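**Student:** Before I ask anything, let me first share the structure, which is written out below as structure tokens.
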Amino acid sequence: MTGTHLDDTGILAYRNMPTLEAMNASIMEKWNNKVTKDDFVYVLGDFASRNVEYWQNALNGTKLLIKGNHDPVASYRAGFVEVVESKHLILPAMDEITDPDMVWLTHYPYSSWPGKPRGCFHLHAHSHGKGSAVRARRTGSRIADMSIDGWPSWPMSLLEIIDILKKGKSND
């Protein structure tokens, strides 16, 4: 889950990277070291500003794109398994006592979202690690900015993220 901004020179100021090539190489190395070809990846928008099909193929995993404000129309034809505005997931319960976890994925943060009163998690990526919900510092937090700019341990699995939110661990 991420807003990678591959091939986007405008993002370099956020990332303290000397060049676009260095940023792209760093993202590809971290991504492909953690994500396998068999993994399913939810891209929370702003995937790549150019060469979308190249990056779609160069990065491991089967990818679903949740449209971001910087995704060019070419993204919609770049081989994503699906391109959507948002995605609502219901994860299987871990045991017979625990309720299933619900997750709502979007590019933008929302103060209210479907399922919020029933404990649904909301993951987004628009705020570049600057949003108020960047870090899950207290137990029960249900919203998180999943931009790569806010998570040193990026990329992370959906189960890792839910575990952090449930336990209230910091992501520093």
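The values are calculated or read from the model by the stated rules, or taken from the named source; none is laboratory data. Keep in mind the model is a prediction, meaning the values are calculated, not measured. All Cβ positions, glycine included, derive from the backbone under ideal geometry; neighbour counts span all protein chains shown.
**Student:** Can we say Ile90 is under 26 Å from Ser141 (Cβ atoms) and exposed (fewer than 14 other Cβ atoms within 10 Å of the Cβ)? It would help to see each step written out before you state the result.
**Tutor:** Working: under 26 Å from Ser141 (Cβ atoms): yes; exposed (fewer than 14 other Cβ atoms within 10 Å of the Cβ): yes.
Considered against the rule, which asks whether it is under 26 Å from Ser141 (Cβ atoms) and exposed (fewer than 14 other Cβ atoms within 10 Å of the Cβ), Ile90 comes out as yes.
**Student:** Does any residue in the stretch 98-125 that is under 18 Å from Asp163 (Cα atoms) and free of Cβ contacts under 8 Å to residues at least 24 places away in the same chain come within less than 6 Å, Cβ to Cβ, of a residue that is surrounded by 21 or more Cβ atoms within 10 Å (Cβ to Cβ) and of a type in the set (A, V, I, L, M) six or more places away or on a different chain, and which pairs are these?
**Tutor:** Once the first residue is under 18 Å from Asp163 (Cα atoms) and free of Cβ contacts under 8 Å to residues at least 24 places away in the same chain and sits in the stretch 98-125, its partners that are surrounded by 21 or more Cβ atoms within 10 Å (Cβ to Cβ) and of a type in the set (A, V, I, L, M) give His122/Ile143.
**Student:** Next up: Would you mind listing the helices (runs of 4 or more DSSP H) fully within the stretch 1-82 where at least 2 residues are on the phi > 0 side of the Ramachandran plot and among the charged types (D, E, K, R)?
**Tutor:** On the way: elements: 12-15, 20-34, 52-58.
Of the helices (runs of 4 or more DSSP H) lying wholly inside the stretch 1-82, none has at least 2 residues that are on the phi > 0 side of the Ramachandran plot and among the charged types (D, E, K, R).
**Student:** Evaluate the following for Leu44: is it touching a Phe, Trp or Tyr at 6+ places or on another chain (Cβ under 8 Å), touching a residue at least 12 places away in the same chain (Cβ under 8 Å) and surrounded by 13 or more Cβ atoms within 10 Å (Cβ to Cβ)? Write out each step before concluding.
**Tutor:** On the way: touching a Phe, Trp or Tyr at 6+ places or on another chain (Cβ under 8 Å): no; touching a residue at least 12 places away in the same chain (Cβ under 8 Å): yes; surrounded by 13 or more Cβ atoms within 10 Å (Cβ to Cβ): yes.
In short, no.
**Student:** What is the residue count in the stretch 94-125 for residues that are surrounded by 13 or more Cβ atoms within 10 Å (Cβ to Cβ) and β-branched (Val, Ile, Thr)?
**Tutor:** Adding up the residues that qualify gives 2.
Rundown of residues vs (1) in contact with a helix residue (DSSP H, G or I) (Cβ under 6 Å, 6 or more places away or on another chain); (2) small (Gly, Ala, Ser), yes/no style:
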| position | (1), (2) |
| --- | --- |
| His5 | yes, no |
| Met17 | yes, no |
| Ala25 | no, yes |
| Val43 | no, no |
| Ser86 | no, yes |
| Thr106 | no, no |
| Tyr110 | no, no |
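**Student:** Do you know which residues across the stretch 66-76 are surrounded by 11 or more Cβ atoms within 10 Å (Cβ to Cβ), touching a residue at least 12 places away in the same chain (Cβ under 8 Å) and of a type outside the set (Val, Ile, Thr)? Can you show your working first?
**Tutor:** First, pick out the residues of the stretch 66-76 that are surrounded by 11 or more Cβ atoms within 10 Å (Cβ to Cβ): 66-68, 70-72, 74-76.
Subset that is touching a residue at least 12 places away in the same chain (Cβ under 8 Å): 66-68, 70-72, 74-75.
Passing the criteria: Lys67, Gly68, His70, Asp71, Pro72, Ala74, Ser75.
**Student:** Moving to a separate point now. Which number in (1) touching a helix residue (DSSP H, G or I) at 6+ places or on another chain (Cβ under 8 Å); (2) of a type in the set (Asp, Glu); (3) surrounded by fewer than 11 Cβ atoms within 10 Å (Cβ to Cβ) marks the one condition that Glu29 misses?
**Tutor:** If we test Glu29 against (1) touching a helix residue (DSSP H, G or I) at 6+ places or on another chain (Cβ under 8 Å); (2) of a type in the set (Asp, Glu); (3) surrounded by fewer than 11 Cβ atoms within 10 Å (Cβ to Cβ), just (1) comes out false.
**Student:** Might you let me know whether the stretch 81-92 holds any residue that is in contact with a Gly (Cβ under 8 Å, 6 or more places away or on another chain) and free of Cβ contacts under 8 Å to residues at least 60 places away in the same chain? Write out each step before concluding.
**Tutor:** Here is the first cut: in the stretch 81-92, the residues in contact with a Gly (Cβ under 8 Å, 6 or more places away or on another chain) are 88.
Narrowing further to those that are free of Cβ contacts under 8 Å to residues at least 60 places away in the same chain: 88.
Checking the stretch 81-92: at least one residue is in contact with a Gly (Cβ under 8 Å, 6 or more places away or on another chain) and free of Cβ contacts under 8 Å to residues at least 60 places away in the same chain.
**Student:** Looking at the stretch 7-52, which of its residues are among the polar types (S, T, N, Q) and closer than 23 Å to Tyr76 by Cα? Lay out the reasoning, then the answer.
**Tutor:** Residues of the stretch 7-52 that are among the polar types (S, T, N, Q), as a first pass: 9, 16, 19, 24, 26, 32-33, 36, 49, 51.
Those that are among the polar types (S, T, N, Q) and closer than 23 Å to Tyr76 by Cα: Thr9, Asn24, Asn32, Thr36, Ser49, Asn51.
**Student:** Here is a further query. So in the stretch 99-128, with the set limited to residues that are aliphatic (A, V, I, L, M) and within 30 Å of Ile11 (Cα to Cα), which one is modelled with the lowest pLDDT? Step through it out loud before you land on a result.
**Tutor:** Of the stretch 99-128, the ones aliphatic (A, V, I, L, M) are 102-103, 105, 123, 125.
Okay, now just the ones that are also within 30 Å of Ile11 (Cα to Cα), so 103, 105, 123, 125.
Details: Val103: 94, Leu105: 96, Leu123: 93, Ala125: 90.
Applying the filter and picking the extreme gives Ala125.
**Student:** So, Val35, is that one closer than 13 Å to Thr2 by Cβ and of a type in the set (Val, Ile, Thr) or not?
**Tutor:** Details: closer than 13 Å to Thr2 by Cβ: yes; of a type in the set (Val, Ile, Thr): yes.
Answer is yes for this residue.
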